[in-house]
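One structure is given below, encoded as structure tokens.
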Amino acid sequence: MTGKTISPLIVLSILVIFFAGGSVFLAMTLPEGCSDVCGPVYEVNYLDTFYILSPGNIPGSIYYGEPEIEYDGEKWTLPKDYGNEINREHRISDEEYMFPPGAAIPVYNPDIEIKDDKVFFDAIVYNNIGYDLSNVTFSVLFDVTIRKNTDGGYGAYSRYDPGLWPENVTIENLPDNSSKEIRIFAPLFEVSGPESVHVDVFMILPENLTAEDGTLLEFDRNEYIPSVTIPDIYDAGSSGRQNDQTNVFGYYINGR
């Protein structure tokens, strides 16, 4: 006795009915105003860390690039057009930058200027860690490379000594969901003739922080988390620490 076989046409009909019913159900459960091509909705995770506004990361459609500072043997000069444009007020909106919803971001003005043998600029630090902080210290480091040399060489700038340019910037009081403006300086170098060097300025995020309520926070995989939540077998300071530095500015120094 042989069993009955199901016709392929019946199977196909069942599948069509199944998928048609599923499509009707999805259409009925879509958010109001969503079209039939609307994809799934994902929750955005705003990292629990510091957000930094600086000349190197002003959001928006205008790209300011990296200025070419001229050295004539006596003084350094910032390009006039660049200074006039970047030092205007920049109004940051949540559509242009990944600040959490409702974050009060002030108007940003870098106020870049050259004074003595340094270039100064402002940066804004926003606290999205989730804790009130009473004392935060950022280290500022510089990376200098040769762009053009009299002998055509490239690589580390031999006359650059990091020990000559130590800088730490401390914010005394930074409540949760608040921001503060800090002033940073970066070095200028004497170059001559066709020489040209490039300088990158980095802010280094603290390895750990102590909140006002006494909670110890550690930087782990782009965020600050309470140290008590880190397993004993896991060392956040070595294996988990990533992206602890932010490039806040870059510029060229050209000789005449």
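The values are calculated or read from the model by the stated rules, or taken from the named source; none is laboratory data. Everything numeric here is computed off the predicted structure, so don't read it as measured data. Here the Cβ is made from the backbone with ideal geometry for all residues, glycine too, and neighbour counts use every protein chain on show. With ligands, DNA and RNA removed, areas are computed over all heavy atoms of the protein, side chains included. Shrake-Rupley method; radii C 1.70, N 1.55, O 1.52, S 1.80 Å.
Quick rundown of the values:
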| item | result |
| --- | --- |
| Residue match in segment 225-232 (condition: at pLDDT 90 or above, open to solvent by less than 20 Å² (accessible area, probe 1.4 Å) and within 30 Å of Val107 (Cα to Cα)) | no |
| Hits in segment 114-143 - residues which are farther than 14 Å from Glu167 by Cβ, open to solvent by 20 Å² or more (accessible area, probe 1.4 Å) and not in a strand (DSSP E or B) | Asp116, Gly130, Tyr131, Asp132, Ser134, Asn135 |
| Residue match in segment 77-100 (condition: buried (at least 17 other Cβ atoms within 10 Å of the Cβ), out of contact with any helix residue (DSSP H, G or I) (no Cβ under 7 Å at 6 or more places or on another chain), part of a strand (DSSP E or B) and polar (S, T, N, Q)) | no |
| Residue in segment 165-190 that is most open to solvent (accessible area, probe 1.4 Å), counting only those that are free of Cβ contacts under 8 Å to residues at least 60 places away in the same chain and closer than 17 Å to Lys115 by Cα | Trp165 |
| Only one of Gly193, Gly214 that is over 27 Å from Ile86 (Cα atoms), at pLDDT below 90, outside any strand (DSSP E or B) and open to solvent by less than 80 Å² (accessible area, probe 1.4 Å) | Gly193 |
| So Cys34, is it open to solvent by less than 40 Å² (accessible area, probe 1.4 Å) and at pLDDT below 80 | yes |
| Close pairs (7 angstrom Cβ cut-off, 6 or more residues apart or separate chains): polar (S, T, N, Q) in segment 71-83, crowded, with 17+ Cβ neighbours inside 10 Å anywhere | Thr77/Ile69 |
